[in-house]
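Below is one structure, written out as structure tokens; the observations come after it.
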Amino acid sequence: MTRADQATAVDAAEVLARCDHLGTLTAVPGIVHRAYLTPEHAAANAATAAWMAAAGMDTWTDAAGNIVGRYEGADPEAPVLLLGSHLDTVPNAGRYDGPLGVMLAIAVVARLHERGERLPFPIEVIGFGDEEGTRFGSTLLGSRAVAGTWDPRWWELRDAEGVTLVEAFQTFGLDPSRVGEAAHDPQRVLGYLEAHIEQGPYLEEAGRPLGVVSAIAGAHRFQLTITGKAGHAGGVPMDRRRDALVGASQAVLDIERLAREMDCVATVGMIEVAPGAANVIPGEASFSLDVRAATDEGRDACWRAIQDAIQEFCQERRLVLSIEETHSAPAEAPAPRLVDAVRAGIAATGDDDPLVLLSKAGHDAMAIAAMTDWAMLFIACAGGVSHHPAEAVTEADVAAALDAFEAAVVSLVR
Ligand code: HGY
Ligand code: MN
Ligand code: MN
Ligand code: MN
């Protein structure tokens, strides 16, 4: 454990040390991989709860497995300001995508606690448990529970070992029937602020430590399956094959080409081939597709063009395409009053004309948007690298972010 258990003062160095510590709470020693409702998630919740308590917060695990810390306000009945980000990670992740935002939120509260200061409103810091959605294939489960948009169809989601979400809840010590208790009453929430690394190159290229998020692009995700005909790798002549992997390979190239042409981002992150033998022509190829753009209209136009291109090639090769939508989130815009708070925070660090950026990365804020107003503070990261062990931030930028985040919170008092 870092020195945080001796003092409530939490500076940028301590914030980074805590992110490093969380990076050791992982499924596979040596790489960062922490999925929803796993033992490593429980360990991260416990470490975070200790740091929250050291900052003067009451802590609990909510009904969806998120870790929550509450710092009382002068008026405990006043609508609560929510701060947060996520504690889960993608496989072989960096240490800052998610955890940095949670640690910065705790550090802001630690400063208030150290000064013995109570704001008029209570603050709750939330470490969401499933922003990435990598275990069950459906993202933002923790924040959607808090937003009150839980979908009961998710209970039958299974992870790679076949464990259902219901079973994972029970193993984690949660009662699935009580997941609704994680939801906030929108009337009793002041708003939501999230600090997060940019996960893109633009702040660093502009030499700016901090930026304001103008909107979050909505991701549309699918599982595409191309079915052909398995056959003998030696016996079937090339011109008589219905090779599913050839169809999928052409699809991947068309996806990349169309995303470039139509100013979108599109990613095939997973692919499986069946039956999966060196001497068998693939009869089936199934792959993920994630499409995003600055607008939902632009994203959906790109998705239509992708479908047309894949269908056309499948017809030529006597292949069959099937499509399952696995996730769809609309683009979300922050609330001007909270954007003003983030701008005020950044101005407190000397930058009164901050860079304003579209986030093509998704965040818990887009789930919380269903329940309350939100805004995000972006922090420069080295080379824009994220979802990779080389993810890095500078201590100076984290120090600026801490000052800006604190100033943004305090600016809401007026
Ligand atoms: O996919 C995303 O943009 C986020 O990191 N979950
Ligand atoms: Mn993230
Ligand atoms: Mn991420
Ligand atoms: Mn994200």
message = With a 1.4 Å probe and all protein chains kept in place, how much accessible area does Lys360 have, in Å² rounded to the nearest 10?
response = 70
inquiry  = Suppose all protein chains stay in the model; what accessible area per residue would a 1.4 Å probe give for segment 218-329, in Å²?
reply    = 53
key: Cα-centred dipole magnitude for segment 222-301, charges only on beta-carbon of K, R (+1) and D, E (-1), debye, nearest 20   = 420
key: segment 218-329 - percent relative contact order, Cα under 8 Å, separation 6 or more   = 45
inquiry  = Could you sort His327, His387 by their accessible area in this structure, using a 1.4 Å probe and putting the largest first?
reply    = His387, His327
note = For the chain, the accessible surface attributable to carbon and sulfur atoms (probe 1.4 angstrom, ligands and nucleic acids excluded) amounts in percent to 52
inquiry  = Order 136-146, 212-222, 115-125 from most to least packed using the mean count of other Cβ atoms within 10 Å.
reply    = 136-146, 212-222, 115-125
key: Space enclosed by the convex hull of the alpha-carbon atoms of the chain, per residue, Å³   = 140
inquiry  = Antiparallel versus total DSSP beta bridges in the chain: what percent is that, nearest 5?
reply    = 65
request  = Mind putting a number on the dipole of the chain about its Cα centre? Charges go on the C-beta only, +1 for Lys and Arg and -1 for Asp and Glu, and I need it in Debye to the nearest 20.
outcome  = 780
ask   = Alpha carbon centre of segment 203-231 versus segment 96-149: separation in Å?
value = 23
inquiry  = With only alpha-carbon atoms in the gyration tensor, what are the semi-axes of the equivalent ellipsoid for segment 218-329, in Å, largest first?
reply    = 28, 13, 10
message = Tell me which of Ala407, Ile379, Ile368 sits at the most positive position along the dipole axis of segment 343-414, charges placed on C-beta atoms (Lys, Arg +1; Asp, Glu -1).
response = Ile368
Dimensions (Å) - segment 81-233, Cα atoms, principal axes, largest first = 73, 46, 26
ask   = Given 0.36 nm per residue, what is the gain on full extension from Tyr202 to Thr326 after removing their alpha carbon distance, in nm?
value = 41.7 nm
task = Taking the Cα centre of segment 268-414 as origin, work out the dipole magnitude from +1 charges on Lys and Arg Cβ and -1 charges on Asp and Glu Cβ, in debye rounded to 20.
result = 220
key: Local electrostatic count at Val268 - Lys and Arg +1, Asp and Glu -1, tallied over other residues with Cβ under 15 Å   = -1
Of Phe136, Ile126, Gly235, farthest towards positive along the dipole that unit charges on Lys, Arg, Asp, Glu beta carbons give segment 124-282 = Gly235
query = Viscosity 1.002 mPa s, temperature 20 °C: Stokes-Einstein D of segment 60-164 from its Kirkwood Cα radius, in µm² per second?
reply = 143
key: Volume per residue of the C-alpha convex hull in segment 81-129, rounded to whole Å³   = 54
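The values are calculated or read from the model by the stated rules, or taken from the named source; none is laboratory data. The model shown is predicted, which means the values in this text are computed figures rather than measured ones. We place every Cβ from the backbone using ideal geometry, glycine too, and count neighbours over all the protein chains shown. Keep in mind that these areas ignore ligands, DNA and RNA; they rest on the heavy atoms of the full protein, side chains included. Shrake-Rupley method; radii C 1.70, N 1.55, O 1.52, S 1.80 Å.
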